[in-house]
1. Greater than 21 Å separation of Cα atoms is the criterion. Which listed pairs, A:K73/A:K103; A:K22/A:K57; A:K9/B:K13; A:K103/B:K13, meet it?
2. Please give the per residue accessible area of chain A, computed with a probe of 1.4 Å over protein heavy atoms only, in Å².
3. Taking only protein heavy atoms into account and a 1.4 Å probe, give the accessible area per residue of region B:16-96 in Å².
4. Calculate the length of the line joining the C-alpha centroid of region A:1-40 to that of region B:20-67, in whole Å.
5. Summarise the partner chain shielding of A:98-105 as one whole number: the mean count of Cβ atoms from other chains within 10 Å of each residue's Cβ.
6. Using a Gaussian network for chain B with springs between C-alpha atoms less than 10 Å apart, which of these wobbles most: B:L41, B:L21, B:L83?
7. Using a 1.4 Å probe and counting only protein heavy atoms, how much accessible surface gets buried when B and A come together, both sides summed, in Å² to the nearest 100?
8. If R0 is 35 Å, what FRET efficiency do you get for B:S7 and A:S26 from their C-beta distance, rounded to 0.05?
Amino acid sequence: AQRVTQPEKLLSVFKGAPVELKCNYSYSGSPELFWYVQYSRQRLQLLLRHISRESIKGFTADLNKGETSFHLKKPFAQEEDSAMYYCALSAANQAGTALIFGKGTTLSVSS
Amino acid sequence: EAGVTQSPTHLIKTRGQQATLRCSPISGHTSVYWYQQALGLGLQFLLWYDEGEERNRGNFPPRFSGRQFPNYSSELNVNALELEDSALYLCASSFGQGLETQYFGPGTRLLVL
(Lines give C-alpha, C1' and ligand atoms only; values in the text may rest on other atoms or scores of the structure.)
Protein backbone atom coordinates (compact mmCIF):
# COMPACT_ATOMS: atom_id res chain seq x y z
CA ALA A 1 0.00 0.00 0.00
CA GLN A 2 1.05 3.54 -0.62
CA ARG A 3 1.99 5.35 2.54
CA VAL A 4 3.88 8.50 3.54
CA THR A 5 5.35 8.85 7.00
CA GLN A 6 6.51 12.06 8.61
CA PRO A 7 7.86 10.96 11.97
CA GLU A 8 8.00 14.38 13.59
CA LYS A 9 4.84 16.33 14.43
CA LEU A 10 6.85 19.35 15.54
CA LEU A 11 10.35 20.52 14.79
CA SER A 12 11.67 23.56 16.64
CA VAL A 13 14.92 25.21 15.61
CA PHE A 14 16.66 28.53 16.05
CA LYS A 15 17.11 31.01 13.24
CA GLY A 16 20.22 30.19 11.25
CA ALA A 17 20.25 26.53 12.25
CA PRO A 18 20.03 23.75 9.67
CA VAL A 19 16.66 22.13 9.11
CA GLU A 20 15.79 18.62 8.03
CA LEU A 21 12.17 17.53 7.79
CA LYS A 22 11.97 13.79 7.41
CA CYS A 23 9.74 11.93 4.99
CA ASN A 24 9.68 8.22 4.29
CA TYR A 25 7.41 6.54 1.80
CA SER A 26 6.14 3.12 0.94
CA TYR A 27 5.31 2.44 -2.68
CA SER A 28 6.12 -0.48 -4.90
CA GLY A 29 6.28 1.43 -8.16
CA SER A 30 8.05 4.55 -9.29
CA PRO A 31 6.91 7.43 -7.08
CA GLU A 32 6.60 11.11 -7.69
CA LEU A 33 7.34 12.98 -4.45
CA PHE A 34 6.27 16.46 -3.40
CA TRP A 35 6.61 18.82 -0.48
CA TYR A 36 3.67 21.11 0.20
CA VAL A 37 3.71 23.97 2.70
CA GLN A 38 0.97 25.80 4.53
CA TYR A 39 1.87 29.13 6.10
CA SER A 40 -0.35 30.61 8.79
CA ARG A 41 -3.72 31.68 7.37
CA GLN A 42 -2.71 30.70 3.84
CA ARG A 43 -3.71 27.82 1.63
CA LEU A 44 -1.72 24.72 0.99
CA GLN A 45 0.83 25.32 -1.76
CA LEU A 46 3.47 23.33 -3.57
CA LEU A 47 6.99 23.94 -2.31
CA LEU A 48 8.88 21.57 -4.57
CA ARG A 49 8.70 18.27 -6.40
CA HIS A 50 11.54 15.86 -6.86
CA ILE A 51 11.28 15.66 -10.61
CA SER A 52 12.08 19.37 -10.87
CA ARG A 53 15.34 19.04 -8.93
CA GLU A 54 15.15 22.70 -8.00
CA SER A 55 15.70 24.69 -4.84
CA ILE A 56 12.79 26.80 -3.62
CA LYS A 57 13.27 29.36 -0.84
CA GLY A 58 16.56 27.64 -0.05
CA PHE A 59 14.92 24.25 0.46
CA THR A 60 16.05 21.12 -1.35
CA ALA A 61 14.94 17.52 -1.24
CA ASP A 62 16.59 14.47 -2.68
CA LEU A 63 14.78 11.27 -3.47
CA ASN A 64 16.64 8.31 -2.00
CA LYS A 65 15.05 5.19 -3.45
CA GLY A 66 17.27 2.88 -1.43
CA GLU A 67 16.11 4.38 1.85
CA THR A 68 12.66 5.30 0.43
CA SER A 69 13.10 8.80 1.76
CA PHE A 70 12.53 12.33 0.53
CA HIS A 71 13.80 14.54 3.34
CA LEU A 72 13.46 18.32 3.05
CA LYS A 73 16.54 20.31 3.95
CA LYS A 74 17.60 23.90 4.37
CA PRO A 75 21.06 24.92 5.60
CA PHE A 76 19.98 28.07 7.45
CA ALA A 77 16.43 28.38 8.76
CA GLN A 78 14.61 31.71 8.69
CA GLU A 79 11.69 32.79 10.88
CA GLU A 80 9.49 33.04 7.80
CA ASP A 81 9.99 29.31 7.24
CA SER A 82 7.71 28.61 10.19
CA ALA A 83 4.81 26.66 8.72
CA MET A 84 3.22 23.25 8.36
CA TYR A 85 5.03 21.02 5.88
CA TYR A 86 3.46 18.03 4.18
CA CYS A 87 5.23 15.36 2.19
CA ALA A 88 3.11 13.78 -0.54
CA LEU A 89 3.41 10.92 -2.97
CA SER A 90 1.83 10.26 -6.30
CA ALA A 91 2.13 7.26 -8.57
CA ALA A 92 4.29 8.26 -11.50
CA ASN A 93 2.95 7.68 -14.98
CA GLN A 94 -0.60 7.24 -13.78
CA ALA A 95 -2.91 9.93 -15.00
CA GLY A 96 -4.72 11.93 -12.38
CA THR A 97 -3.34 10.01 -9.47
CA ALA A 98 -4.37 11.45 -6.16
CA LEU A 99 -1.79 12.68 -3.73
CA ILE A 100 -1.09 10.58 -0.65
CA PHE A 101 -0.10 12.91 2.15
CA GLY A 102 1.86 12.43 5.32
CA LYS A 103 0.37 13.86 8.50
CA GLY A 104 2.62 16.87 8.35
CA THR A 105 5.37 18.44 10.42
CA THR A 106 5.09 21.84 12.03
CA LEU A 107 8.33 23.76 11.71
CA SER A 108 8.86 26.49 14.26
CA VAL A 109 11.83 28.80 13.78
CA SER A 110 12.59 31.17 16.61
CA SER A 111 15.13 33.94 16.99
CA GLU B 1 -4.92 34.97 -11.94
CA ALA B 2 -7.62 33.89 -9.52
CA GLY B 3 -6.87 30.79 -7.54
CA VAL B 4 -9.12 27.91 -6.61
CA THR B 5 -12.17 29.15 -4.76
CA GLN B 6 -14.43 27.24 -2.40
CA SER B 7 -17.76 28.00 -0.81
CA PRO B 8 -18.96 28.27 1.83
CA THR B 9 -16.00 28.88 4.10
CA HIS B 10 -17.83 27.37 7.05
CA LEU B 11 -20.83 25.07 7.24
CA ILE B 12 -22.67 23.83 10.30
CA LYS B 13 -25.04 20.89 9.99
CA THR B 14 -26.66 18.37 12.27
CA ARG B 15 -26.28 14.63 12.13
CA GLY B 16 -28.31 13.05 9.34
CA GLN B 17 -28.49 16.16 7.20
CA GLN B 18 -26.87 16.66 3.81
CA ALA B 19 -24.03 19.06 3.04
CA THR B 20 -23.08 20.54 -0.32
CA LEU B 21 -19.67 22.06 -0.85
CA ARG B 22 -18.61 23.91 -3.98
CA CYS B 23 -15.34 24.45 -5.78
CA SER B 24 -14.29 26.58 -8.74
CA PRO B 25 -10.99 25.57 -10.31
CA ILE B 26 -8.36 27.84 -11.81
CA SER B 27 -9.37 28.93 -15.28
CA GLY B 28 -8.15 26.39 -17.81
CA HIS B 29 -7.90 23.54 -15.31
CA THR B 30 -10.08 20.55 -16.09
CA SER B 31 -9.28 18.29 -13.14
CA VAL B 32 -10.73 18.78 -9.67
CA TYR B 33 -9.71 16.78 -6.61
CA TRP B 34 -11.41 16.69 -3.21
CA TYR B 35 -9.57 15.93 0.01
CA GLN B 36 -10.72 15.60 3.61
CA GLN B 37 -8.55 16.88 6.44
CA ALA B 38 -9.96 15.51 9.65
CA LEU B 39 -8.33 16.08 13.00
CA GLY B 40 -5.63 13.54 13.60
CA LEU B 41 -6.07 11.85 10.23
CA GLY B 42 -4.28 14.22 7.92
CA LEU B 43 -5.22 14.89 4.31
CA GLN B 44 -7.07 12.03 2.66
CA PHE B 45 -8.08 11.77 -0.97
CA LEU B 46 -11.83 11.70 -1.58
CA LEU B 47 -12.68 12.12 -5.25
CA TRP B 48 -11.19 13.10 -8.60
CA TYR B 49 -13.18 14.59 -11.48
CA ASP B 50 -11.92 15.30 -14.95
CA GLU B 51 -13.85 16.46 -18.01
CA GLY B 52 -17.12 16.03 -16.19
CA GLU B 53 -16.60 12.46 -15.05
CA GLU B 54 -15.62 10.82 -11.79
CA ARG B 55 -12.25 9.21 -12.50
CA ASN B 56 -11.20 7.91 -9.11
CA ARG B 57 -12.33 7.87 -5.52
CA GLY B 58 -10.66 7.23 -2.21
CA ASN B 59 -11.65 4.90 0.57
CA PHE B 60 -14.84 6.69 1.55
CA PRO B 61 -18.45 5.42 1.70
CA PRO B 62 -20.90 6.10 -1.15
CA ARG B 63 -22.65 8.84 0.84
CA PHE B 64 -19.70 10.98 -0.27
CA SER B 65 -20.43 11.90 -3.86
CA GLY B 66 -20.14 14.78 -6.21
CA ARG B 67 -20.14 15.98 -9.74
CA GLN B 68 -18.34 18.25 -12.13
CA PHE B 69 -20.17 20.75 -14.26
CA PRO B 70 -19.47 21.74 -17.90
CA ASN B 71 -17.55 24.81 -16.67
CA TYR B 72 -15.34 22.41 -14.64
CA SER B 73 -16.57 23.64 -11.28
CA SER B 74 -17.42 20.87 -8.86
CA GLU B 75 -19.73 20.02 -6.04
CA LEU B 76 -19.14 17.62 -3.17
CA ASN B 77 -22.20 16.18 -1.49
CA VAL B 78 -22.15 14.39 1.82
CA ASN B 79 -25.38 12.62 2.71
CA ALA B 80 -26.52 11.32 6.08
CA LEU B 81 -23.93 13.34 7.92
CA GLU B 82 -22.12 11.75 10.82
CA LEU B 83 -20.23 13.47 13.60
CA GLU B 84 -16.91 12.17 12.24
CA ASP B 85 -17.52 13.97 8.95
CA SER B 86 -16.52 17.16 10.73
CA ALA B 87 -13.38 18.25 8.92
CA LEU B 88 -11.78 20.71 6.56
CA TYR B 89 -12.60 19.81 2.96
CA LEU B 90 -10.04 20.94 0.44
CA CYS B 91 -10.49 21.20 -3.28
CA ALA B 92 -7.56 21.21 -5.68
CA SER B 93 -7.40 21.70 -9.41
CA SER B 94 -4.84 20.83 -12.05
CA PHE B 95 -4.40 21.25 -15.75
CA GLY B 96 -5.64 18.05 -17.29
CA GLN B 97 -4.53 14.58 -16.42
CA GLY B 98 -1.05 13.40 -15.66
CA LEU B 99 1.22 14.63 -12.95
CA GLU B 100 0.39 18.29 -13.17
CA THR B 101 0.76 20.32 -9.99
CA GLN B 102 -2.38 20.46 -7.89
CA TYR B 103 -3.39 23.91 -6.68
CA PHE B 104 -5.45 24.03 -3.51
CA GLY B 105 -8.34 26.17 -2.41
CA PRO B 106 -8.77 27.60 1.08
CA GLY B 107 -11.14 24.86 2.15
CA THR B 108 -14.61 24.55 3.63
CA ARG B 109 -14.79 23.75 7.31
CA LEU B 110 -17.73 21.46 8.00
CA LEU B 111 -18.98 21.00 11.53
CA VAL B 112 -21.53 18.30 12.24
CA LEU B 113 -23.39 18.61 15.52
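The values are calculated or read from the model by the stated rules, or taken from the named source; none is laboratory data. Values in this document were obtained by computation on a predicted structure and should not be read as measured data. A quick note on method: Cβ atoms are made from the backbone with ideal geometry, for glycine too, and the neighbour counts reach across all protein chains shown. For the accessible areas, the whole protein counts, side chains as well, though only heavy atoms, and no ligand, DNA or RNA atoms are used. Shrake-Rupley method; radii C 1.70, N 1.55, O 1.52, S 1.80 Å.
1. Working: A:K73/A:K103 18 Å; A:K22/A:K57 18 Å; A:K9/B:K13 31 Å; A:K103/B:K13 26 Å.
The answer is A:K9/B:K13; A:K103/B:K13.
2. On the way: 5650 Å² over 111 residues.
Averaged over the residues of chain A, the accessible area is 51 Å².
3. Numbers: 3430 Å² over 81 residues.
Solvent-accessible surface per residue comes out at 42 Å².
4. Each part reduced to its Cα centre gives a spacing of 23 Å.
5. Numbers: counts 15, 7, 5, 6, 2, 4, 3, 0.
Partner-chain Cβ atoms within 10 Å, mean over residues of A:98-105: 5.
6. Its mean-square fluctuation being the largest, the pick is B:L41.
7. When B and A are taken together, about 1600 Å² of accessible area is lost.
8. Numbers: r = 36 Å, r/R0 = 1.03.
The value I calculate is 0.45.
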